[in-house]
1. List the aspartates and glutamates whose alpha-carbon lies under 15 Å from that of residue 214, not counting same-chain residues fewer than 8 positions away?
2. Quick check: residue separation of residue 188 and residue 123 times 0.36 nm, minus the Cα distance between them. What number comes out in nm?
3. I'd like the distance separating the alpha-carbon centroids of region 77-110 and region 183-214, in whole Å.
4. What GluC sites (Glu not before Pro) does region 163-219 have in DSSP loop regions with at most 16 other beta carbons within 10 Å?
5. Using the Kirkwood radius built from alpha carbon pairs, what does the Stokes-Einstein equation give as D for region 88-182 at 25 °C and 0.890 mPa s, in µm² per second?
6. Strictly over 28 Å apart at the Cα level, which of 43/116; 43/70; 36/116; 36/198; 36/138 would you flag in this model?
7. Determine by what factor the alpha-carbon radius of gyration of the chain differs from 2.2 N^0.38 Å, reporting the quotient.
8. Given a Förster distance of 22 angstrom, what is the FRET efficiency for residue 34 paired with residue 107, based on the Cβ-Cβ distance and rounded to 0.05?
Amino acid sequence: MQGPTMALVPYNKNNDVLSIFNQPEREFNFAGQKLKISQDWNKLGVAAVVWDAAIVLCEYLEAGNVDLDKKKVIELGAGSGIVGIVSTLLGAHTTITDLEKAIPYLTEVVNTNLPKRVEGQFTVQALDWRENLESHTKTYDVILGADIIYIEETFPDLLRTIEHLSDENTLVYISCRIRYTRDSNFLQMLSEVFDLKKVHVDRSRDIIIYKGKKKTKDL
Ligand SMILES: C[S@@+](CC[C@H](N)C(=O)[O-])C[C@H]1O[C@@H](n2cnc3c(N)ncnc32)[C@H](O)[C@@H]1O
């Protein structure tokens, strides 16, 4: 393991993360549906496992904290796509995104878990925060991101992406575990452009959810 991957695991004192990640499949129940999420840590790495931040964000969404019904939602750095899956099951029209190399796995998991009745309500597509975003012309009602604050070099691009995809009505939900002081730098950067509030704390899993809304520009 190298670089950012090293920074992510092991990430708790009991070191039981690796055993969770080594499970080829994990089961969850969200929005009245049993989800079977395959994992492939050894071949595909960080994008192909379900992180706690995603589970906590799914629970937060399922509890009705965000109005998703018929909303235009985008998930950034989706990994397994579980958050985008739950958002779709809760009524949103969801664009589920990650790096190009993660798309085959992500597409497979999403298609396996979303039922026919939501066909046409979701798309899976590549979106690299470092790229030119001109082809992404939309702004979204809701932007979701779970455990996407972990590579310091990507922070300016991640911020640019969130800014590009949002307007002053967009709600941004970032679920994260702050592992290093540098991770807080991203929240600091985000708070310069967005009004940022801590809306949920899961102490047992060490996960915080932040909600952001773009600051209105002074006239
Ligand atoms: C720690 S994983 C979290 C995955 C998932 N959201 C979860 O919580 O289970 C971080 C995700 O960010 C994605 N990612 C990293 N750099 C990215 C970039 N430059 N553009 C888009 N996605 C990126 C990775 O591919 C990975 O899926």
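1. Candidates past the 8-residue exclusion: 141, 163, 167, 168, 192, 195.
2. Details: separation 65, 0.36 × 65 = 23.40 nm, distance 3.11 nm.
Additional length available on full extension: 20.3 nm.
3. 22
4. Details: sites: 163, 168, 192; in loops: 168.
Passing sites in region 163-219 are 168.
5. Working: Rh = 14.7 Å.
The diffusion coefficient I find is 167 µm²/s.
6. Beyond 28 Å: 43/116; 43/70; 36/198; 36/138.
7. Numbers: Rg = 16.2 Å, N = 219, 2.2 N^0.38 = 17.1 Å.
That ratio works out to 0.95.
8. Taking R0 as 22 Å, the efficiency between residue 34 and residue 107 is 0.65.
Every number here is computed from the coordinates shown, using simple stated rules; none is lab data. Keep in mind the model is a prediction, meaning the values are calculated, not measured. Note: ideal-geometry Cβ built from the backbone for every residue, glycine included; neighbour counts use all protein chains shown.
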